[in-house]
Amino acid sequence: MILPWHLYLMAVLYILAGINHFRMPRMYLKIIPPYLPSPKMLNAISGTAEILFGIVLCIPSVSNWGAWGIIALLIAVFPANVYMVTNEKAALGLPAWVRLIRLPLQAVLIFWAYIYT
């Protein structure tokens, strides 16, 4: 079975995003809400999960598990997107409208992943 090109595109995007957690950890640490414990560990876990789920998306026999993992990850990191909207220190210099767009974009990304479950 050959997977569709857009599934590979999704996989590459998540793998690159996951790698970025380790290349630029300070950026991600800024958006982790302070009420969550161990920000460095959470950053490493989410980055590793993005890489692993991206790889799993490329394996036809288990790609649906990768898609479910992506969905779970997107739900898990949603508080960081809310924190970016509500806290200027977490804004990363982005204008408010860009930060607001990230919230419904999560639903679009979840739907994109759901297509492959």
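FYI, it's all coordinate maths here, none of it is from the lab. Please read all numbers here as calculations on a predicted model, not as lab measurements. As a convention, Cβ positions derive from the backbone with ideal geometry for all residues, glycine included, and neighbour counts pool all protein chains shown.
Taking each residue as 0.36 nm, the span from V12 to K30 lengthens on full extension beyond its C-alpha to C-alpha distance by 4.1 nm.
For Q106 and I75 in the same chain, what is the full-extension length gain: residue separation times 0.36 nm, less their Cα-Cα distance, in nm? Before the final figure, lay out the partial values.
On the way: separation 31, 0.36 × 31 = 11.16 nm, distance 0.80 nm.
Taking 0.36 nm per residue and subtracting the Cα distance, the gain is 10.4 nm.
Subtracting the Cα-Cα distance of T48 and V82 from their residue separation scaled by 0.36 nm leaves 10.1 nm.
Put a dot 7 Å past the Cα of V62, heading toward its Cβ, do the same for I115, and the two dots end up 2.4 nm apart.
Across the chain, the mean sequence separation of Cα contacts (distance under 8 Å, 6 or more residues apart), normalised by length, yields a relative contact order of 28 percent.
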